[in-house]
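Chemist: The structure follows.
The values are calculated or read from the model by the stated rules, or taken from the named source; none is laboratory data. Values in this document were obtained by computation on a predicted structure and should not be read as measured data. Cβ: placed from backbone, ideal geometry, glycine included. Neighbour counts: every protein chain shown. To get the accessible areas, we keep the full protein, side chains included, count just its heavy atoms, and leave off ligands, DNA and RNA. Shrake-Rupley method; radii C 1.70, N 1.55, O 1.52, S 1.80 Å.
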Amino acid sequence: MKRIAGSFLVALALGAVLWAQGVLSINGAGATFPYPMYSKWFDEYHKKNGNLQINYQSIGSGGGIKQVTEGTVDFGATDGPMNDEQLKTFQDKHGFGILHFPTVLGAVVPTYNIAGVEATLNFTPDALAGIFLGKITKWNDPSIAGANKGVKLPAEDIVVVHRADGSGTSYCWTDYLSKVSDEWKTKVGKGTSVNWPVGLGGKGNEGVTGTVKNTPNSIGYVELIYAESNKIPYGNVKNAAGTFVKASLAAVSAAAAGTAKDMPEDFRVSITNAPGKASYPISTFTWLLIPEKFSDAAKRDAIKSFLKWALGEGQNYAEALSYAKLPKEVVARETKAINKVQ
């Protein structure tokens, strides 16, 4: 009993210290795609603002949209913008809207594990759609071999790996497949969660990365940094101009360049299968989801200050983590949009 009382007193004392120091805690959840970026940002921002602690759970875009809609977190994060129905659900529940703020740009890459194949493989849109539809089942299928002359591909069954959770990485991947394959668009479509025709599920970018790494003859899709940091191979993808392009910061920036001036007012935009010889075709913005109104003025002001920092100084941390910076035109428009948060 004394031990319980003592623990209680310690907890009370700690709470009093935090209150006295004015530590403000803000909670968010969502996309795994930008998790390395957000972890770095929240850590660096805390160093500059010791009285603010931003906590973030990397649970997938679907979870982020769900939690911010339910009001269990202060902000959400997603790699696939909320659709009109989700925006209406939020509005109906809270009596005000939610805003999308693009933070950085990234790429989703096809990653694979094929014994004896060390070459960087080329993938056509038809091959990727066929593999994930379950129609192309062998690694030496002509649709794969034809784009990889001189590479000895095995006559082994392809093991498809996809996300098991609601995911913006999946949204980007399926958005791309829907643009390049009418069959995919009709049978499966795009979304943070879809009914996958074939394959094994992995939770988060981390789960897909691990499954591909440990499953011979597998293929999956992950955010570029997860492929880079885990040192697993990823392929070049044929873009809308007919060029096989390897994902890179420059190739992602090229995909975004054409959309900057035509960015819609609410910042919900797709840049998959973008035009241009240099564009990597499976590129995307990632967004923070910020409610339009906060009952807690301290949280509102802290979030607005963080957004300004992330759009400014924060962009300097992006490239070291394999994310592309936002185009300057987008930053200028977003900076103005911060004033909508009340």
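Chemist: Condition test on Lys231, is it in contact with a helix residue (DSSP H, G or I) (Cβ under 8 Å, 6 or more places away or on another chain), closer than 29 Å to Lys203 by Cα, open to solvent by 40 Å² or more (accessible area, probe 1.4 Å) and among the basic types (Lys, Arg)?
Modeler: Working: in contact with a helix residue (DSSP H, G or I) (Cβ under 8 Å, 6 or more places away or on another chain): no; closer than 29 Å to Lys203 by Cα: yes; open to solvent by 40 Å² or more (accessible area, probe 1.4 Å): yes; among the basic types (Lys, Arg): yes.
The answer is no for Lys231.
Chemist: Sticking with this structure for a sec: Out of (1) under 16 Å from the mean Cα position of the chain (by Cα); (2) over 27 Å from Gly60 (Cβ atoms); (3) of a type outside the set (Lys, Arg), what's the single condition that is false for Ala260?
Modeler: (1)
Chemist: Same structure, new question: Filter region 261-275 for residues that are assigned to a helix (DSSP H, G or I) and under 21 Å from Met82 (Cβ atoms) and give the result. First the steps, then the outcome.
Modeler: Step one: filter region 261-275 for residues assigned to a helix (DSSP H, G or I), giving 261-262.
Matches in region 261-275: Asp262 only.
Chemist: From the list Lys203, Lys277, Lys213, Lys185, which one is open to solvent by 50 Å² or more (accessible area, probe 1.4 Å), out of contact with any helix residue (DSSP H, G or I) (no Cβ under 6 Å at 6 or more places or on another chain) and over 28 Å from Gln57 (Cα atoms)?
Modeler: Details: Lys203 fails: over 28 Å from Gln57 (Cα atoms); Lys213 fails: over 28 Å from Gln57 (Cα atoms); Lys185 fails: out of contact with any helix residue (DSSP H, G or I) (no Cβ under 6 Å at 6 or more places or on another chain).
When all the criteria are applied, what remains is Lys277.
Chemist: Also: Only residues that are among the hydroxyl-bearing types (Ser, Thr, Tyr) and touching a helix residue (DSSP H, G or I) at 6+ places or on another chain (Cβ under 8 Å): list them for region 62-102, please.
Modeler: Scanning region 62-102 gives Thr69, Thr78, Thr89.
Chemist: Could you name every one of the helices (runs of 4 or more DSSP H) located completely within region 141-208 that has at least 1 residues being β-branched (Val, Ile, Thr) and farther than 23 Å from Asp79 by Cβ? Even if it seems obvious, please write down each step before you answer.
Modeler: On the way: elements: 142-145, 168-180, 182-187.
Counting at least 1 such residues, we get 142-145, 182-187.
Chemist: With the requirement that a residue be free of Cβ contacts under 8 Å to residues at least 60 places away in the same chain, within 18 Å of Gly204 (Cβ to Cβ) and open to solvent by less than 30 Å² (accessible area, probe 1.4 Å), what does region 56-104 give you?
Modeler: Val73
Chemist: Follow-up question, since we're still on this one. From the list Phe294, Phe285, Phe306, exactly one residue is open to solvent by less than 60 Å² (accessible area, probe 1.4 Å), in contact (Cβ under 8 Å) with a residue 40 or more places away in the chain, among the aromatic types (Phe, Trp, Tyr) and in a loop (DSSP other than H, G, I, E, B). Which is it?
Modeler: Numbers: Phe285 fails: in a loop (DSSP other than H, G, I, E, B); Phe306 fails: in a loop (DSSP other than H, G, I, E, B).
None of the others qualify; the one that does is Phe294.
Chemist: Among the residues of region 105-130, count how many are closer than 19 Å to Glu223 by Cα, more than 20 Å from the chain's Cα centre (by Cα) and open to solvent by less than 10 Å² (accessible area, probe 1.4 Å).
Modeler: 3
Chemist: Among the residues of region 236-290 satisfying the criterion of being touching a strand residue (DSSP E or B) at 6+ places or on another chain (Cβ under 7 Å) and of a type in the set (D, E, K, R), which is farthest from Lys179 (Cα to Cα)?
Modeler: So the residue we want is Asp266.
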